[in-house]
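I have placed the structure first, in the form of structure tokens, so that the comments after it can refer back to it.
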Amino acid sequence: MDPKEIYKFYGIPYYMKIDIEGSDLDVLESIINLEFKNRPKYISIESTKTSWSALLREFDIFIKLGYLKFQAIPQRKMQEKVTKWKNAKGRIITYRHKKDSSGPFGEDLKNNWKNFKVVKLQYKLIFLRYKLFGDDGIFAPRKINNYYLRFFYRSFLTLTFLNANWFDTHAKKD
């Protein structure tokens, strides 16, 4: 089913999480023909971590759609997050996120919203960490054959925030 048909049938979501391996940008671009006021207030996608030009394309589309505030949120340990919010009746709801969950979104994110220039600098550091310590990085933990040494090395990278991670880019209409 075409995304435009889905929006017509179900309506426009308040928040849209896009994580369709290899087709995220197709879905993101599908809302270009919607009026600005009818687009979701918040959108998040799993951003690329291996292609700088592809990352810039993601942001080009967000900006073209009118999303000008961003957050880059690490996803590896999302299952440790607990989110609290008020439901429509004003009651506090507590939710412990599951493994591989996207975690909180919108105003429940605890970081400040950034403009493109600032989040782009953040992603430069993310890409550098991935190039050095990511799956196929120069100093990737999996290149260490000894189990115990690899374990301690991974722990060191985690404690020093050098470990590679994958990130969701959260975008907000301004």
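The values are calculated or read from the model by the stated rules, or taken from the named source; none is laboratory data. In this text, all values refer to a predicted model and were calculated from it rather than measured experimentally. Don't worry about glycine lacking a Cβ; one is built from the backbone with ideal geometry, like all the others, and counts go over all protein chains shown. These accessible areas exclude ligands, DNA and RNA; they are computed on the full protein's heavy atoms, side chains included. Shrake-Rupley method; radii C 1.70, N 1.55, O 1.52, S 1.80 Å.
Mind listing whichever residues of segment 130-141 are open to solvent by 50 Å² or more (accessible area, probe 1.4 Å) and modelled with pLDDT of 90 or more? Can you show your working first?
Quick first cut of segment 130-141, residues open to solvent by 50 Å² or more (accessible area, probe 1.4 Å) only: 131, 135-136, 138-139.
Lys131, Ile138, Phe139, listed by residue number.
Condition test on Lys41, is it in contact with a Phe, Trp or Tyr (Cβ under 8 Å, 6 or more places away or on another chain), modelled with pLDDT of 85 or more and over 30 Å from Asn163 (Cβ atoms)?
Yes.
Which is in contact with an Asp or Glu (Cβ under 8 Å, 6 or more places away or on another chain), among the aliphatic types (A, V, I, L, M), under 24 Å from Ser30 (Cβ atoms) and touching a residue at least 60 places away in the same chain (Cβ under 8 Å), of Leu55, Leu68?
When all the criteria are applied, what remains is Leu68.
Please enumerate the residues belonging to segment 147-163 that are part of a loop (DSSP other than H, G, I, E, B) and open to solvent by 80 Å² or more (accessible area, probe 1.4 Å).
Within segment 147-163, the first condition is being part of a loop (DSSP other than H, G, I, E, B), and the residues that meet it are 160-163.
If the condition is that a residue be part of a loop (DSSP other than H, G, I, E, B) and open to solvent by 80 Å² or more (accessible area, probe 1.4 Å), then Phe161 is the only one that fits.
Give the residues of segment 35-59 that are open to solvent by 40 Å² or more (accessible area, probe 1.4 Å) and not charged (D, E, K, R), sorted by residue number.
Scanning segment 35-59 gives Phe36, Asn38, Thr50, Trp52, Ser53, Leu56.
Got a sec? Which of Trp113, Trp166 is at pLDDT 85 or above and surrounded by 12 or more Cβ atoms within 10 Å (Cβ to Cβ)?
On the way: Trp166 fails: at pLDDT 85 or above.
Step by step, each of Trp113, Trp166 is checked, and only Trp113 is at pLDDT 85 or above and surrounded by 12 or more Cβ atoms within 10 Å (Cβ to Cβ).
Considering only strands (runs of 3 or more DSSP E) fully contained in segment 11-94, which possess at least 2 residues that are within 22 Å of Asn112 (Cα to Cα) and β-branched (Val, Ile, Thr)?
42-46, 82-86
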